[in-house]
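Working notes, beginning with the structure itself.
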Amino acid sequence: MREALRHRQMREHNQVLVLGLIQRCGPVTRPELGRRSGLTKASITRIVQELVSRDLVSEVPAQGAGSGGRPATCLTMRAGALASVGVELRIDRCAVLLRDLSGAELGRWEKRMVPGTGPAQVLTEVGRHVQRLRRGRPHRVVGVGVSVGGTATDDGQGIASSPYLGWNDVDVTGLLEPYLPGVPLRVLDVSSCAAQASFEYLSYQAGQRGDRLPARNEFVHLQCGIGLGAGRPGGWDVRLPPRASSLPVGHVPADPSGPLCETCGWRGCLDSVLGFTAMMRRTEDLGLTPSQDPRYMEGYCRQVAAAAADGDRRALDALDALAHDLARAVVMISLLAGPGRMTVGGWPVYLGPDFIEDVARRVDARRVCGLLGVSVGDLGDDASLVGASMIGADVGLLIRLTDQPD
């Protein structure tokens, strides 16, 4: 019995390993899968056959394949059959993303979150828009990921607390069940979802170049919104509680003389020093007003960056102070988590590449973070929504891989 369980676990591990490599490196040949995974040719052949039979993977002609003999083929994620849903619940916006298993976006919806709106009303609207986005498409939804500006329940099925939204003990699975019956779901905080997307994006880039893939435990993502949070990519193991990938740094004290945080009651926590409200306070002399658009943070930051590019001393001084404090936050997180690579996402992305490069130079000058690489998150403020859809795919795919006879 124990030997059979060990064999099943090993088979599932190898299937997840190979499927992950196809996601990041595809189109990829079988020999390349064997080289990167360390598995035998026979194991690769068997696993690929299983993945193809489950409609997860497709074979495509290899680029530059010759006309003689058996045509060379590569493996890629199958398009047009399966999809995942990402849901984002933040104080500034509510959004839904439908993605094909191949990574192609099939549709999205978003709106500005109205303060004080209850979870039942919001998730009912989310469910209806999921149905609308799915209408007329052949795709079967395999899983749902939900990104929340708050804390997930230990089972990953609901929201334990969201001080910014004013929500507590929300049964997300139950509220979305009428619109996605029987579809597995997982809830994570915004930073963990953004970390997943940023890591997978870096991994895909490395895989396409043929480089070594980054390790999950070497990576941390810092997400900046109304508040701050950091996270690690959680990977396929959905048995881990959501907090395993979360680094809740928002209320870590950073400046004892800083502004008072209404959420934690302390002065100078990272949220109060580097949250978007603090960013607007630092730039209020510019006379800018955020729009009512769901992406108002992006628009506001682009205006600040434009003012700085025009030589406005007020904007330049504000960005200098922000870069100093953001670099200090990166150093603090680095000393706590010890990553080799950190990406920064959210509103700082829209202050321009020079801003993040300035932050990276200030971090490097401290000489306490080793060889830490700091870069902008390429997905910008979409990282948490895209990450939620990736987590939904992982949850659903894992069930499809494990739901098979011994």
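The values are calculated or read from the model by the stated rules, or taken from the named source; none is laboratory data. This is a predicted model, so every value here is computed, not measured. No Cβ is skipped: glycine too gets one built from the backbone with ideal geometry, and neighbour counts run over all protein chains shown. What goes into the accessible areas is simple: the full protein's heavy atoms, side chains included, and nothing from ligands, DNA or RNA. Shrake-Rupley method; radii C 1.70, N 1.55, O 1.52, S 1.80 Å.
Apolar share of the accessible surface for region 323-406: 53 percent from carbon plus sulfur atoms, 1.4 Å probe.
Give the dimensionless ratio obtained when the Cα radius of gyration of region 237-352 is divided by 2.2 N^0.38 Å. Before the final figure, lay out the partial values.
On the way: Rg = 15.8 Å, N = 116, 2.2 N^0.38 = 13.4 Å.
It is 1.18.
The alpha carbons of the chain give a radius of gyration and a Dmax of 22.2, 74 Å, in that order.
The three principal axes of the Cα atoms in region 331-388 give end-to-end lengths of 33, 25, 14 Å, sorted in falling order.
Based on Cβ point charges of +1 for Lys and Arg and -1 for Asp and Glu, what charge dipole magnitude is obtained for the chain about its Cα centre, in debye rounded to the nearest 20?
Details: 46 positive and 44 negative charges, 283 e Å.
It works out to roughly 1360 debye.
Extension gain, Glu177 to Gln121: 0.36 nm times the residue separation minus the Cα-Cα distance gives 18.7 nm. Taking the 1.4 Å solvent-accessible surface of region 178-242 as the whole, the part contributed by carbon and sulfur is 53%. The label-point distance for Glu12 and Asn168, in a model that sets each label 7 Å from Cα toward Cβ, rounds to 3.5 nm. Spacing of the modelled spin labels on Gln205 and Val60, each 7 Å from Cα toward Cβ, amounts to 2.1 nm.
Compute the relative contact order of region 315-390 as a whole-number percentage, counting only Cα pairs closer than 8 Å that sit 6 or more residues apart in sequence. Show your work: numbers first, answer last.
On the way: 70 pairs, mean separation 29.3, N = 76.
Relative contact order comes out at 39 percent.
Summing Lys and Arg as +1 and Asp and Glu as -1 over all other residues whose Cβ lies under 11 Å from the Cβ of Gly103 gives a net charge of -1. Projected label points at Trp109 and Ala215, each 7 Å from Cα along the beta carbon direction, are separated by 4.4 nanometres. Remark: C-alpha extents of region 109-213 on the principal axes read 47, 37, 28 Å, sorted largest to smallest.
In this structure the amide hydrogen of Gly150, modeled in the peptide plane, comes within under 5 Å of the amide hydrogens of Val190, none closer than 5 places in sequence on its chain.
Note the per residue figure in Å³ for the convex hull of the C-alpha positions in region 278-345. Write out the running numbers ahead of the final one.
Values: hull volume 7.1 nm³, N = 68.
It comes to 104 Å³ per residue, whole-number rounded.
Average accessible surface for the chain: 46 Å² per residue, computed with a 1.4 Å probe over protein heavy atoms with every protein chain in place. Once R0 is set to 41 Å, what does the formula 1/(1 + (r/R0)^6) return for the Cβ-Cβ distance between Ile399 and Ala42, expressed as a FRET efficiency to the nearest 0.05? Approximately 0.95, to the nearest 0.05.
For Phe219, the shell of other residues with beta-carbons less than 10 Å away shows a net charge of +2, using +1 for Lys and Arg and -1 for Asp and Glu. In the assembled protein chains, Thr263 presents an accessible area of approximately 70 Å² (probe radius 1.4 Å).
Ranked by the mean number of other Cβ atoms within 10 Å per residue, highest first, peptides 271-278, 195-202 order as 195-202, 271-278. Here the extension length gained between Gln292 and Asp310 equals 4.0 nm, from 0.36 nm per residue of separation less the Cα-Cα distance. For Leu82, the amide hydrogen comes within under 5 Å of the amide hydrogens of Leu101, Arg140, counting only partners 5 or more places away or on other chains and with H modelled in the peptide plane. For the pair Thr29 and Ala79, what calculated FRET efficiency results from E = 1/(1 + (r/R0)^6), where r is the Cβ-Cβ distance and R0 = 25 Å, to the nearest 0.05? FRET efficiency, Ala79 to Thr29: 0.85. By the equivalent-ellipsoid construction on the alpha carbon gyration tensor, region 91-146 comes out with semi-axes of 23, 12, 10 Å, ordered largest to smallest. Among the trypsin sites (Lys or Arg not before Pro) in region 220-326, those placed in a DSSP loop whose Cβ has at most 12 other Cβ atoms within 10 Å are Arg239.
Kirkwood analysis of the Cα pair distances in region 130-279 returns a hydrodynamic radius of 17.1 Å.
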